[in-house]
Amino acid sequence: MHTVLRSATREVVIGPDQPFCLIGERLNPTGRRIFAEQLRHGDLSRIAVDVEQQVAAGATMLDINMGVPLADEAELLARAVTMVQELTDLPLCIDSSVVEALEAGLAVYRGKALVNSVTGERERLDAILPIVARYGAAVIALPNEEDEIPDEPAKRLEITRKIVDVAVGEYGIALEDIVIDPLAMPIGADTTLVTKTCETIRLIRDELGLNMTLGASNVSFGMPGRAALGAAFLPIAMSCGLTSAVMDVRSPQIVEAVKAADLLLGNDEWGAAWIARYRAAQKSA
């Protein structure tokens with residue numbers, strides 16, 4: 001199954017037979033005090049730096065979140081989306097928990113965006129899915145309800161089925177435009193959580209065949225050696241069926257591991273991308 005996203009001039013295809021989709025996470029003020037303060041005062045200049053770094057690092061798409069307390073998120077997100085489209089032709093993932101902000105971002109986007117995100121609560125589905133359908137976007141869906149993350153992979157699969165039924169059956173969203181986030185949790189809190197995430201990925205892949213993404217940085221949160229953990233986790237998750245991730249593409253160790261996994265899983269024909277990457281690194285050195 002292929003999920004197709006577009007900017008005004010570029011197309012990205014997410015699928016199990018495609019190279020892993022690297023969604024840059026950096027355009028987000030969470031945990032970035034200075035950036036958040038700049039945004040609160042209407043200063044978007046830092047965005048240009050973050051876009052340049054992520055494009056240079058090899059991002060396939062960029063996630064944009066402008067959630068800043070005491071700021072007009074809808075206005076900020078619309079400005080940011082407009083600005084980023086002038087800086088790069090990468091497709092965008094428009095990220096907000098505020099319905100008005102999502103609509104403002106989609107209204108100025110030129111192409112087919114990925115919306116991040118919706119959960120399984122009926123109220124959220126009925127608020128966000130009509131906007132996704134109206135703008136012809138794709139959507140990331142998380143299999144949790146009422147702020148509760150189910151512990152068991154089977155329960156996550158059950159909620160995923162419900163989301164798919166509502167999105168496809170009631171709002172006419174194409175099945176391939178639903179991307180599931182199987183819920184990656186910090187391994188520092190419980191060392192069994194990654195195993196449960198991987199089991200969820202396998203269940204969704206085997207029953208529904210949907211594309212999947214997740215916040216890769218969540219897994220290593222609070223732990224030392226985060227790049228090494230990310231570099232180990234993503235290839236494991238890819239082998240289970242993960243096809244994209246919102247991640248820090250500026251980490252060479254993690255990106256290198258993903259590119260190696262693309263080759264080893266058969267999504268880099270004849271190793272062409274791996275060899276080209278190696279030669280470019282040699283030339284740069």
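The numbers here are math on the coordinates, done by the rules we state, and not lab data. All values derive from a computational prediction rather than experimental measurement. Cβ coordinates were reconstructed from backbone atoms using ideal geometry, including for glycine residues, and neighbour counts include every protein chain displayed.
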With +1 on each Lys and Arg Cβ and -1 on each Asp and Glu Cβ, how big is the dipole of region 3-284 about its Cα centre, in debye rounded to the nearest 20?
980
Fewest-first sequence of TYR171, TYR109, TYR278 by Cβ atoms within 10 Å of each Cβ:
TYR278, TYR171, TYR109
Suppose R0 equals 25 Å. What FRET efficiency, 1/(1 + (r/R0)^6) with r the Cβ-Cβ distance, do THR195 and GLN253 give to the nearest 0.05?
0.65
Roughly how large, in nm² to one decimal, is the mean projection of the convex hull of the alpha-carbon atoms in region 1-139?
8.4
Compute a Gaussian network model of the chain, connecting alpha carbons closer than 10 Å, and tell me which residue from ARG26, ARG46, ARG110 fluctuates the most.
ARG46
If you take the charge dipole of the chain about its Cα centre, with +1 on Lys and Arg Cβ and -1 on Asp and Glu Cβ, which of LEU70, ALA276, GLN38 is farthest toward its positive end?
ALA276
Using 7 Å Cα-to-Cβ label points, what is the GLU207/LYS162 separation (nm, one decimal)?
1.3
Which shape class, rounded, prolate or oblate, goes with region 176-285 when its Cα gyration tensor gives a ≥ b ≥ c as root eigenvalues, a/c under 1.5 marks rounded, and past that a/b bigger than b/c marks prolate?
oblate
Fluctuation leader among VAL249, VAL55, VAL179 - the chain, Gaussian network, Cα springs under 10 angstrom:
VAL55
Return the lysines within reach of LYS259: Cα separation strictly under 20 angstrom, same-chain partners fewer than 8 residues apart disregarded; answer none if there are no such residues.
LYS283
Sorted from largest to smallest, which semi-axis lengths in Å does the alpha carbon gyration tensor of the chain give for its equivalent ellipsoid, taking the root of 5 times each eigenvalue?
26, 25, 19
Nearest 5 percent is fine: what portion of the DSSP beta bridges confined to the chain is antiparallel?
20
From the helices alone, meaning DSSP H stretches of at least four residues, give me the mean residue ellipticity at 222 nm for the chain, per-run term -39500 (n - 2.57), in deg cm²/dmol to the nearest 500.
-15000 deg cm²/dmol
Expressed in nanometres to one decimal, the distance between label points 7 Å along Cα→Cβ at GLU123 and LEU175 is 3.2
As a footprinting exposure proxy, order LYS283, LYS155, LYS112 by other Cβ within 10 Å, with the fewest listed first.
LYS283, LYS155, LYS112
Percent of beta bridges antiparallel (DSSP, region 100-182, rounded to nearest 5):
10
Fully extended contour minus Cα-Cα distance, from GLU11 to GLU75, at 0.36 nm per residue:
20.4 nm
Given points 7 Å out from each Cα along the Cα-Cβ axis, report the LEU265 to ILE149 separation in nanometres with one decimal.
2.1
Using the 10 angstrom Cβ neighbour count as an exposure proxy, how do ILE180, ILE275 rank, fewest first?
ILE275, ILE180
Enumerate the lysines that LYS155 could reach by cross-link, defined here as Cα to Cα under 30 Å, with residues fewer than 8 away along the same chain left out.
LYS196
Can you tell me which of 130-136, 236-242 comes out highest on packing, and rank the rest after it, using the mean Cβ neighbours within 10 Å?
236-242, 130-136
